[in-house]
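The block underneath contains the structure these notes are about, expressed in structure tokens.
The values are calculated or read from the model by the stated rules, or taken from the named source; none is laboratory data. Quantities reported herein were computed from a predicted structural model and do not represent experimental measurements. Here the Cβ is made from the backbone with ideal geometry for all residues, glycine too, and neighbour counts use every protein chain on show. Note: accessible area is taken over every heavy atom of the protein model, side chains too, but ligands, DNA and RNA are not part of it. Shrake-Rupley method; radii C 1.70, N 1.55, O 1.52, S 1.80 Å.
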Amino acid sequence: MSVVATDYSHYSNLVKASDSDNTKLFHELVTVNEAAQKSYVVGTALGKVTATGKWKISVQNAADGSQNVLALVVGDSFGTAAPFTVAATTDTKVLVLARGKVIVSKGAIVFDASYDLDAEKQAAYDSLKTVNILAEATV
């Protein structure tokens, strides 16, 4: 049987509530730069590298500032929510959820594999809380 369609995570899977319908208040176009080619989807957890000011997928045991989850991917530079690839060592613009007051679904946040313990994920949720992005369990 052939595949008729595939689906992916959408913005509505991630964001559950906000104090405004004006998404421009919460979104920011940022520059990401990865050492190796990476796939991004809606909800990918990002951290900011202190030395460069550029963003990358947050790795729990990093020591460059990116271990602090401070933004979540909502789309490519055009805001398209379909999964996309970031080429290695290339500055790429990405649309992120950078501030709130916003409630997001914990289940829609996409962590690097290094976030394998509940305590590590809780630290990431606490980090997001510093920018008024509140992660909650949703049905």
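Brief remarks follow.
- Each part gets one Cα centre, and for the stretch 51-98 versus the stretch 24-42 those centres are 3 Å apart.
- Net lengthening on full extension, Thr31/Lys93 (0.36 nm per residue, minus Cα-Cα): 21.9 nm
- The packing ranking of peptides 42-55, 75-88, 120-133, highest mean first, is 42-55, 120-133, 75-88, where packing means the average number of other beta carbon atoms within 10 angstrom of each residue.
- The residues of the chain have, on average, 55 Å² of accessible surface per residue, using a 1.4 Å probe with all protein chains present.
- Taking 0.36 nm per residue of separation and subtracting the current Cα-Cα distance, fully stretching the chain between Asn13 and Ser114 would add 34.1 nm.
- Taking every Cα-Cα distance in the stretch 52-95 and sorting them into 10 Å bins starting at zero, the pair-distance distribution P(r) comes out as 25, 53, 22, 0 percent.
- Share of alpha-carbon pairs per 10 Å distance bin for the chain, given as whole %: 12, 45, 34, 7, 1, 0
- Of all lysines in the structure, the ones whose alpha carbon falls short of 25 Å from that of Lys121, not counting any fewer than 8 places away in one chain, are Lys16, Lys38, Lys48, Lys54, Lys56, Lys101, Lys106, Lys129.
- Potential lengthening of the chain between Leu134 and Thr80 amounts to 17.1 nm, from the contour at 0.36 nm per residue minus the alpha-carbon distance.
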